[in-house]
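Peer 1: Below you will find the structure I want to go over with you.
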Amino acid sequence: MILMRLKKMIKLSCLLITVLLIVLICAIPAVADTAPAVSPQQVNIGLNFKGADLSVSGSVPDGADVYIKVSSPNDSVLELNKKGRVGGMWMNVENTEVSNVPKLYQIISSQKITVLPQELQEKLGLARDFEPIYQTASVKKKTAGGYVPLSAQESRDFVSSLINIYQKSGLYAINENAVKVENGQYQATVKLPPNIPQETCNITVYVIREGSLLETASTSLEVNPVGLTSWLNREAIFDGPTYGLIAVLIALFFGTGIAFLFGYIEKILSGGKSGGFDASAGH
């Protein structure tokens, strides 16, 4: 009798677990495959590179918005100087070293960022005021005794100046309502500036509906120097003296060329007469 009751309880438990699993599976929202298709998948930087358009596309569930973040790694270390008046002259009054700041940071979205909950914005690193950059940046001030870390408040002015520089050069951008979502597909065009960092960049797609994150998908973009640009980069890193000599020779070549060009223009404008003393003037 006890054995029969035990078997019934086991069957009932299995049935309840099965029903619970079915309910949980049905409760999970259906999400389309949002893995981004990127074209081109690799960007080659040559001497004549003037920027490129990057196409990012994929599928998206009904009623969802798409937020795309394109960024480079936080592996750069930059020197940033603050100028001020010293004795009536503009001079560097503070020298700093800024790290943990990506050189490329662009957000392209199908909806305004401000409609997202603040907590989600912070979690995904999405903000119109580039607040995630301030949170990760590290600024050290150069002193006689070495570099001294600055507080978050002290660092803010330096990071803000760097962000402004990157915005003006097209490396940093926020483009809202720039992702087209139609018939279950999304498509966006990312403007890559000529000075894009030459490294592996990250492309992350966030699919969000009614303030909830449905899916995250990411891929990478290879940015490589080619031709003479690649060779010069290698020389600058591994053979500094040769690179310096090449730079001097190039400067001399262009300097001589410009001097010759101006001399030729002056000769044409003066009707072929050369300047200076006239040898026949005393006769």
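Peer 1: Going by the structure shown, is Leu3 assigned to a helix (DSSP H, G or I), of a type outside the set (S, T, N, Q) and modelled with pLDDT under 90?
Peer 2: Working: assigned to a helix (DSSP H, G or I): yes; of a type outside the set (S, T, N, Q): yes; modelled with pLDDT under 90: yes.
Yes; evaluated as a whole, the condition is true for this residue.
Peer 1: Residues that are more than 16 Å from the chain's Cα centre (by Cα), in the same structural domain as Pro36 (by TED's automatic domain parsing) and part of a strand (DSSP E or B): does region 123-139 have at least one?
Peer 2: yes
Peer 1: Being in the same structural domain as Leu162 (by TED's automatic domain parsing) and crowded, with 19+ Cβ neighbours inside 10 Å is the requirement here; does Lys69 meet it? Spell out how you get there, then give the answer.
Peer 2: On the way: in the same structural domain as Leu162 (by TED's automatic domain parsing): yes; crowded, with 19+ Cβ neighbours inside 10 Å: yes.
So Lys69 passes the test.
Peer 1: For the structure I just gave you, tell me whether Glu154 is surrounded by fewer than 14 Cβ atoms within 10 Å (Cβ to Cβ) and assigned to a helix (DSSP H, G or I). Steps first, answer last, please.
Peer 2: On the way: surrounded by fewer than 14 Cβ atoms within 10 Å (Cβ to Cβ): yes; assigned to a helix (DSSP H, G or I): yes.
So Glu154 fits the description; yes.
Peer 1: I've got another one for you. Mind counting the residues in region 135-193 that are under 30 Å from Leu54 (Cβ atoms), touching a Lys or Arg at 6+ places or on another chain (Cβ under 8 Å) and of a type in the set (Phe, Trp, Tyr)?
Peer 2: 3
Peer 1: A follow-up question, please. Return the residue satisfying two criteria in turn: it lies in region 202-232 and is assigned to a helix (DSSP H, G or I) and loosely packed, with under 15 Cβ neighbours inside 10 Å, and of such residues it is modelled with the highest pLDDT.
Peer 2: Of everything passing the filter in region 202-232, Gly227 is modelled with the highest pLDDT.
Peer 1: Of all the residues that make up region 139-164, how many are touching a residue at least 24 places away in the same chain (Cβ under 8 Å) and within 18 Å of Asn175 (Cα to Cα)?
Peer 2: So the answer is 1.
Peer 1: Further question: In the set Glu79, Glu97, which member is crowded, with 16+ Cβ neighbours inside 10 Å and acidic (Asp, Glu)?
Peer 2: Result: Glu97 is the single residue among Glu79, Glu97 that is crowded, with 16+ Cβ neighbours inside 10 Å and acidic (Asp, Glu).
Peer 1: Which pairs do you get when a residue that is among the aliphatic types (A, V, I, L, M), found in region 114-138, comes within reach of a residue that is modelled with pLDDT of 90 or more and assigned to a helix (DSSP H, G or I), reach meaning Cβ atoms under 7 angstrom, with the pair 6+ apart or on two chains?
Peer 2: Note: pairs meeting the criteria are Leu126/Ile113; Ala127/Ile113; Ala127/Gln121; Ile133/Val159; Ile133/Ile163; Ala137/Ser155; Ala137/Val159.
Peer 1: Let me ask something additional. Give the residue that is surrounded by the most Cβ atoms within 10 Å (Cβ to Cβ), with candidates limited to residues of region 184-201 that are more than 14 Å from Ser109 (Cα to Cα) and aliphatic (A, V, I, L, M).
Peer 2: Ile196
The values are calculated or read from the model by the stated rules, or taken from the named source; none is laboratory data. Note that the coordinates shown come from a computational prediction; the quantities given were computed from them, not determined experimentally. Note that we place each Cβ from the backbone using ideal geometry, even for glycine, and neighbour counts take in every protein chain shown.
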